[in-house]
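The values are calculated or read from the model by the stated rules, or taken from the named source; none is laboratory data. Here the structure is a predicted model, which is why all the values come from computation and not from measurement. All Cβ positions, even for glycine, are placed from backbone atoms using ideal geometry, and neighbour counts span all protein chains on display.
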Amino acid sequence: MIELRNIVKRFGETTVLNDINVAIAEGTVTALVGPSGGGKSTLLRCINLLEIPTSGTLLLGGESLTFRPGHRPGWPAIQAIRRQTGMVFQNFQLFPHRTAIENVMEGPLTVLNWPKDKARQRAGELLEKVGLSQKADAWPSTLSGGQQQRVAIARALAMSPRVLLCDEPTSALDPELALEVVDVLSRLADEGTTMVIATHDLRLASRIARNVVFLEGGLVVETGPSQQIFTNPAQERTKRFVSSIT
Ligand code: ADP
Ligand code: MG
């Protein structure tokens, strides 16, 4: 459902993604792992076009876009791709002056022009899905980090994206709060939500990802089923990384 073909991303002279080829099937969870600075966040941002790749082709849910250096695709083409994605950030990024449920309603109200009742009902269902019905009217600042992240997940799902992109979703959280976020993501995975998760938390990756892409220095060092990457990686580099953390 998602395919990156020969994706290159340069910032000035620096090549941050160097000829990335990755295919992601519908209903699967893919973890992007690897050392800091390897290009995980940039790769996620190239999927929802928060960053425009320098060259290569991105296919997402039937849309296809080819990039050329110095050429920015038009806004409709960017929107056609971005509309199909939902993004969850390390630091939640909730709207501070909106309650939990208002955060979840925001996209459907402003982007999809849903009537308020419909948006509120859908947001209520999503808060229930992430176990936060009782916090619907709470302000973000009164919620724990884990609760804020679960609201952020509900907000991303409110736009019914074809793929949920998560950038280090548990990295800002204490282990206990990280666990409640992992539980929610794990449940979504079981329901067949297509997800791409950038994380250096290999426990998160091994628990919910079917496939793993190991990125270092802007290159895909190794890719394969998570079971294989975590227990019997082919590349020496992957082996060292996995054993340094587990
Ligand atoms: P990761 O998420 O794996 O830690 P990133 O994608 O954040 O890696 O970063 C990969 C490399 O790209 C790093 O060397 C980083 O400094 C560089 N980089 C990321 N964003 C920018 C930017 N906007 N301008 C210049 N360099 C960037
Ligand atoms: Mg990152």
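Given the structure, is Glu191 more than 13 Å from the chain's Cα centre (by Cα) and away from ligand 2 (no atom under 16 Å from the Cβ)? Yes, satisfied. Residues of region 25-74 that are within 11 Å of the chain's Cα centre (by Cα) and away from ligand 1 (no atom under 16 Å from the Cβ): Val29 alone.
To keep it simple, each residue is scored yes or no on (1) within 16 Å of ligand 2 (Cβ to nearest atom); (2) assigned to a helix (DSSP H, G or I); (3) farther than 23 Å from Arg210 by Cα.
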site: Thr30; (1), (2), (3): yes, no, no
site: Gly37; (1), (2), (3): yes, no, yes
site: Leu49; (1), (2), (3): no, no, yes
site: Pro53; (1), (2), (3): no, no, yes
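Restricting attention to region 198-218, does a residue exist that is of a type in the set (Val, Ile, Thr) and farther than 21 Å from Ile2 by Cβ? Within region 198-218 (the criterion being of a type in the set (Val, Ile, Thr) and farther than 21 Å from Ile2 by Cβ), the answer is no, since none of the residues qualifies. If you check Ser160, Ser141 for being touching a residue at least 40 places away in the same chain (Cβ under 8 Å) and either surrounded by fewer than 22 Cβ atoms within 10 Å (Cβ to Cβ) or more than 28 Å from Glu63 (Cβ to Cβ) (or both), only one passes: Ser141. Among the conditions (1) out of contact with any Gly (no Cβ under 6 Å at 6 or more places or on another chain); (2) more than 16 Å from ligand 2 (Cβ to nearest atom), Asn6 misses just one, which is (1).
Helices (runs of 4 or more DSSP H) fully within region 163-240 that include at least 1 residues being touching a strand residue (DSSP E or B) at 6+ places or on another chain (Cβ under 7 Å), of a type in the set (Val, Ile, Thr) and at pLDDT 95 or above: none found.
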